[in-house]
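The values are calculated or read from the model by the stated rules, or taken from the named source; none is laboratory data. Keep in mind that what you see is a predicted model, and the values were worked out from it rather than measured. Neighbour counts run over all protein chains shown; Cβ positions are idealised from the backbone, glycine included.
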Amino acid sequence: MSMQTNGREITMSEAINEAIREEMGRDENVVLWGEDVGAAGGVFKVTKGILDRFGPERVFDTPISEAGIVGLAVGAAMTGLRPVVEVMFGDFLTLAMDQLVNQAAKIHYMSGGTFRVPMVVRTTLGAGRRTAAQHSQSLHAWVAHIPGLKVVLPSSPYDAKGLLKTAIRDNNPVVFFEDKISYQRKGPVPDPDQDYTISFGQADVKREGSDLTIIATSSMVHMALTAASKLSEDGIQAEVIDPRTLVPLDSQTLIDSVKKTSRCIVVDQGYQSFGVTAEIAALVAEQAFYALDVPVRRLGAVDVPIPFSPSLEDLTIPTVESIVVLAHEMVAG
Amino acid sequence: MKTKGPKPSAEIGVEKLTDMYGQMVTIRLFEERVVELYRRAQIPGIAHVSIGQEAVPVGICNALRTNDYITSTHRGHAHCLAKGADITQMFAELFGKVTGYCRGKGGSMHIANPATGNLGANAIVGGSIPIATGAALSAKLRKTNQVAVCFFGDGALNQGVLLESMNFASIWRLPVIYVCENNQYGEYTPTKRVTAGDIEMRGKALDIRTAVADGMDVLAVYDAACEAVDHAKSGKGPSFLVMETYRFIGHGMSDVDRAYRTREEEQEWQRARDPIDRLRTTLIEEWRLKQSALDAISSGVAKQIDISVEAAQKAPLPAAEELMKHVYAD
């Protein structure tokens with residue numbers, strides 16, 4: 001259920017900025033750090049103005065030190081703060097992996113529930129910006145694989161704001177993936193005085209349809225919606241579902257939709273092998289197999305390091321066209 | 001001038017010294033019992049003991065308040081005990097019992113205890129270094145005047161995260177004390193063979209107050225800790241303390257032949273530098289304590305350990321429904 005938006009439209013970047021400001025205003029234990037997040041307002045300008053608003057006691061520029069950025073957040077979160085830290089590119093998560101996977105994810109469990117680690121790691125995913133193999137990956141499956149972490153992938157400004165506010169209030173480590181290419185995408189968001197949050201584990205049906213379910217994440221949701229419009233012109237009604245959070249995953253909404261439509265495509269920008277599309281396809285196969293008219297199909301990134309040259313990069317991630325072609329193939333049976 | 005830290009060893013008096021002696025004895029007898037229980041297959045998994053290294057945790061933790069933080073390592077029983085852990089709950093955790101500090105979900109390498117400021121032992125070498133540093137940042141931001149002590153071994157000196165964390169601590173002047181327990185060997189490899197330069201230069205290079213102390217002398221350790229605590233609580237920032245020490249037995253329970261060092265070297269450390277013998281001599285010669293009084297401490301501790309082991313052995317294992325609890329916090 002969406003709140004009234006009064007026609008106000010802001011970008012994904014502004015929505016994230018608002019969520020951080022509102023939560024910092026609401027709880028003095030929310031602090032912010034990362035590379036260039038303060039004075040420069042972040043390389044993508046997402047945290048613009050937050051240093052001026054909340055001051056250097058709560059907003060810090062850090063060295064280029066991803067393991068330290070995340071690791072300090074773990075210690076701070078265990079001792080009363082709620083750090084929101086930025087890892088500038090999702091590719092750099094690899095540098096912080098021990099702190100995220102062996103520390104943040106496990107401390108609550110390993111300590112028998114005595115310590116909590118309420119922290120948010122904001123980072124990015126997504127190709128398409130001609131930044132080659134080390135600035136274009138979508139590594140959300142890496143962290144979704146680890147029990148103890150929650151994983152969020154917003155696709156719209158409205159969802160980004162509501163989900164980030166929930167992430168900051170959550171008592172667990174949350175990895176929040178923002179698609180770089182969506183930062184300037186605008187969408188309706190309620191006025192700042194209207195506090196709203198979006199619960200984790202609630203998929204959103206972005207478009208209803210009866211012939212085919214397209215489960216898509218992050219910016220792939222927009223690819224799927226565009227594809228659905230085209231398919232509609234051809235008489236195929238596609239339902240588009242955005243899980244919004246991978247962990248926890250609202251499998252029920254996905255399964256119910258597939259049972260209704262009997263066909264399912266899963267679209268995600270992570271690598272197709274051993275990734276998010278594989279997990280969701282397996283769920284559908286396990287729980288809705290007898291409802292399927294045709295096998296579940298997947299569209300993920302091609303299993304190559306993301307190439308630099310535009311002519312090659314454009315071949316690596318799912319496109320509107322690839323969804324449309326696959327949908328036709330499946331409906332034709 | 002009044003300091004913000006604890007009193008130096010020359011001023012603490014015989015009662016506190018005797019208390020520190022009792023703590024070292026407790027750790028020694030605890031660890032000896034761990035070895036014995038492990039060999040009788042009473043403790044599942046792996047365990048690393050720190051027999052010989054007792055002066056470092058005891059010297060450091062006696063300079064701390066209960067709400068000051070520590071982080072520990074895979075060889076962490078002593079840190080937990082020195083910070084005030086209960087022996088029965090320690091054994092219960094080692095046995096995998098639900099009454100243990102971590103409800104049996106952590107074991108030997110993960111004992112954590114918020115009540116004593118123990119943020120947890122850690123089985124990743126160097127893994128707890130940024131955590132202690134983050135706790136110090138948190139203490140500074142929340143203006144609590146707490147200090148965070150980060151224990152790690154010489155093995156962690158060559159983990160990149162140490163450099164990252166010490167840099168953070170230095171630029172932000174965080175109240176954190178890095179305590180490097182140099183026990184001369186990283187697992188089966190001599191530290192010197194794999195560690196470049198003088199260890200203390202690593203602190204100095206980052207503009208961190210650095211001191212080297214005899215880690216076999218609990219009073220030297222305690223005094224070094226007092227200065228570091230005072231430094232931190234006066235807002236002057238981090239310290240890097242290098243403690244020269246020695247583990248008397250192997251890296252882990254399967255390290256029995258210790259081919260990487262000589263028996264002569266081991267005997268030299270054990271005979272001449274045992275930290276418990278050293279404080280015992282001080283208490284007898286300088287403070288005129290009777291041998292019998294110190295022996296009574298040891299037998300009291302041994303009795304307590306018997307009671308604790310028995311209680312921990314009788315405690316229940318975690319029930320199956322415990323498996324899925326605490327993956328996520330509410």
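Can we say A:Q99 is polar (S, T, N, Q) and assigned by TED's automatic domain parsing to the domain that holds A:Y158? So A:Q99 fits the description; yes. Here A:L95 clears all of (1) surrounded by fewer than 22 Cβ atoms within 10 Å (Cβ to Cβ); (2) in contact with a strand residue (DSSP E or B) (Cβ under 8 Å, 6 or more places away or on another chain) except the condition numbered (2). Here A:Y109 meets the list (1) hydroxyl-bearing (S, T, Y); (2) surrounded by 24 or more Cβ atoms within 10 Å (Cβ to Cβ); (3) within 14 Å of chain B (Cβ to nearest Cβ) almost entirely, failing just condition (2).
So in the range B:296-314, with the set limited to residues that are surrounded by 17 or more Cβ atoms within 10 Å (Cβ to Cβ) and of a type in the set (A, V, I, L, M, F, W, C), which one is nearest to the other protein chains (Cβ to nearest Cβ)? Among those that are surrounded by 17 or more Cβ atoms within 10 Å (Cβ to Cβ) and of a type in the set (A, V, I, L, M, F, W, C), it is B:A312.
Looking at this structure, is B:K7 surrounded by fewer than 21 Cβ atoms within 10 Å (Cβ to Cβ), basic (K, R), farther than 23 Å from B:L317 by Cα and touching a helix residue (DSSP H, G or I) at 6+ places or on another chain (Cβ under 8 Å)?
Values: surrounded by fewer than 21 Cβ atoms within 10 Å (Cβ to Cβ): yes; basic (K, R): yes; farther than 23 Å from B:L317 by Cα: yes; touching a helix residue (DSSP H, G or I) at 6+ places or on another chain (Cβ under 8 Å): yes.
In short, yes.
Among the candidates A:I241, A:I215, the residue that is within 23 Å of A:K165 (Cα to Cα) and surrounded by 20 or more Cβ atoms within 10 Å (Cβ to Cβ) is uniquely A:I241.
Scanning the range B:279-317 for residues that are small (G, A, S) and assigned to a helix (DSSP H, G or I) turns up B:S292, B:A293, B:A296, B:S298, B:S299, B:G300, B:A302, B:S308, B:A311, B:A312.
Going by what's in this entry, would A:A291 be described as under 22 Å from A:E329 (Cβ atoms), outside the structural domain of A:I146 (by TED's automatic domain parsing), touching a helix residue (DSSP H, G or I) at 6+ places or on another chain (Cβ under 7 Å) and of a type in the set (G, A, S)? First the steps, then the outcome.
Working: under 22 Å from A:E329 (Cβ atoms): yes; outside the structural domain of A:I146 (by TED's automatic domain parsing): yes; touching a helix residue (DSSP H, G or I) at 6+ places or on another chain (Cβ under 7 Å): yes; of a type in the set (G, A, S): yes.
Judged against the criteria, A:A291 is a match.
Scanning the range A:112-143 for residues that are within 14 Å of another protein chain (Cβ to nearest Cβ) and out of contact with any helix residue (DSSP H, G or I) (no Cβ under 8 Å at 6 or more places or on another chain) gives A:G112, A:G113.
Could you please give the count of residues in the range B:185-212 that are assigned to a loop (DSSP other than H, G, I, E, B), at pLDDT 95 or above and not small (G, A, S)?
Initial filter on the range B:185-212 (assigned to a loop (DSSP other than H, G, I, E, B)): B:187-188, B:195-198, B:206-208.
From what is left, the residues that are at pLDDT 95 or above are B:195-198, B:206-208.
Now drop any that are not not small (G, A, S), which leaves B:195, B:198, B:206-208.
Residues flagged as assigned to a loop (DSSP other than H, G, I, E, B), at pLDDT 95 or above and not small (G, A, S) within the range B:185-212 amount to 5.
If you go through the range B:104-123 and keep only what is more than 21 Å from B:L162 (Cα to Cα), more than 8 Å from chain A (Cβ to nearest Cβ) and out of contact with any Asp or Glu (no Cβ under 8 Å at 6 or more places or on another chain), you end up with B:A115, B:T116.
Just to be sure, is B:R258 closer than 26 Å to B:F95 by Cα and in contact with a Gly (Cβ under 6 Å, 6 or more places away or on another chain)? Criteria not met by B:R258. Just the residues that are outside any helix (DSSP H, G or I), within 26 Å of B:L141 (Cα to Cα) and in contact with a strand residue (DSSP E or B) (Cβ under 8 Å, 6 or more places away or on another chain), please, taken from the range B:214-272. B:K236, B:G237, B:P238, B:S239, B:F240, B:L241, listed by residue number. The set of residues in the range A:32-52 that are among the β-branched types (V, I, T) and surrounded by fewer than 21 Cβ atoms within 10 Å (Cβ to Cβ) contains only A:V43. Among the listed residues B:G52, B:G59, B:G22, identify the single one that is small (G, A, S), surrounded by fewer than 21 Cβ atoms within 10 Å (Cβ to Cβ), touching a helix residue (DSSP H, G or I) at 6+ places or on another chain (Cβ under 9 Å) and away from chain A (no Cβ under 13 Å). Residue meeting the stated conditions: B:G22. Here B:F91 meets each of (1) away from chain A (no Cβ under 14 Å); (2) under 15 Å from the mean Cα position of the chain (by Cα); (3) not β-branched (V, I, T) with one exception, condition (2).
Can you tell me which residues in the range A:284-304 are under 14 Å from A:L254 (Cβ atoms) and either buried (at least 18 other Cβ atoms within 10 Å of the Cβ) or at pLDDT below 95 (or both)? Within the range A:284-304, A:V284, A:A288, A:V296, A:R298 meet the criteria.
Restricted to the range A:267-333, the set of helices (runs of 4 or more DSSP H) holding at least 3 residues that are within 25 Å of A:R129 (Cα to Cα) and hydrophobic (A, V, I, L, M, F, W, C) comprises A:320-332. Of all residues in the range B:138-162, those satisfying the criterion of being of a type outside the set (S, T, N, Q) and surrounded by fewer than 18 Cβ atoms within 10 Å (Cβ to Cβ) are B:R142, B:K143, B:G160.
Just to check your reading of the model, which residue among B:G155, B:G96, B:G126, B:G100 is at pLDDT 95 or above and within 8 Å of chain A (Cβ to nearest Cβ)? Walk me through how you get there before you give the answer.
Details: B:G155 fails: within 8 Å of chain A (Cβ to nearest Cβ); B:G96 fails: within 8 Å of chain A (Cβ to nearest Cβ); B:G126 fails: within 8 Å of chain A (Cβ to nearest Cβ).
Selected residue: B:G100, the only one of B:G155, B:G96, B:G126, B:G100 that is at pLDDT 95 or above and within 8 Å of chain A (Cβ to nearest Cβ).
Report whether or not B:A329 is surrounded by 11 or more Cβ atoms within 10 Å (Cβ to Cβ), in contact with a helix residue (DSSP H, G or I) (Cβ under 9 Å, 6 or more places away or on another chain), outside any helix (DSSP H, G or I) and small (G, A, S). Outline the logic, then answer.
On the way: surrounded by 11 or more Cβ atoms within 10 Å (Cβ to Cβ): yes; in contact with a helix residue (DSSP H, G or I) (Cβ under 9 Å, 6 or more places away or on another chain): yes; outside any helix (DSSP H, G or I): yes; small (G, A, S): yes.
In short, yes.
Here the helices (runs of 4 or more DSSP H) wholly within the range A:96-202 that include at least 3 residues being closer than 16 Å to A:F44 by Cβ are A:157-169.
Kindly indicate whether B:G134 is at pLDDT 95 or above and within 12 Å of chain A (Cβ to nearest Cβ). Give the derivation first.
On the way: at pLDDT 95 or above: yes; within 12 Å of chain A (Cβ to nearest Cβ): yes.
Against the criterion (at pLDDT 95 or above and within 12 Å of chain A (Cβ to nearest Cβ)), B:G134 qualifies.
The residue list A:P63, A:P147 contains one member that is within 11 Å of chain B (Cβ to nearest Cβ) and under 23 Å from the mean Cα position of the chain (by Cα), which is A:P147. Filtering the range B:163-181 to residues that are under 25 Å from B:T116 (Cβ atoms) and more than 10 Å from chain A (Cβ to nearest Cβ) leaves B:P175, B:I177, B:Y178, B:V179, B:C180, B:E181. Would you confirm whether or not the range A:21-35 contains a residue that is outside any strand (DSSP E or B) and over 19 Å from A:R169 (Cα atoms)? For the range A:21-35, residues outside any strand (DSSP E or B) and over 19 Å from A:R169 (Cα atoms): present.
In the set A:E178, A:E233, A:E208, which member is outside the structural domain of A:V325 (by TED's automatic domain parsing), more than 30 Å from A:T114 (Cα to Cα) and out of contact with any Gly (no Cβ under 8 Å at 6 or more places or on another chain)? Working first, answer last.
On the way: A:E233 fails: outside the structural domain of A:V325 (by TED's automatic domain parsing); A:E208 fails: outside the structural domain of A:V325 (by TED's automatic domain parsing).
Result: A:E178 is the single residue among A:E178, A:E233, A:E208 that is outside the structural domain of A:V325 (by TED's automatic domain parsing), more than 30 Å from A:T114 (Cα to Cα) and out of contact with any Gly (no Cβ under 8 Å at 6 or more places or on another chain).
Using the structure shown, decide if A:F274 is on the phi > 0 side of the Ramachandran plot and not small (G, A, S). Considered against the rule, which asks whether it is on the phi > 0 side of the Ramachandran plot and not small (G, A, S), A:F274 comes out as yes.
A:V84 falls short on exactly one of the conditions (1) within 9 Å of chain B (Cβ to nearest Cβ); (2) in contact with a strand residue (DSSP E or B) (Cβ under 6 Å, 6 or more places away or on another chain); (3) of a type in the set (A, V, I, L, M, F, W, C), and that condition is (1).
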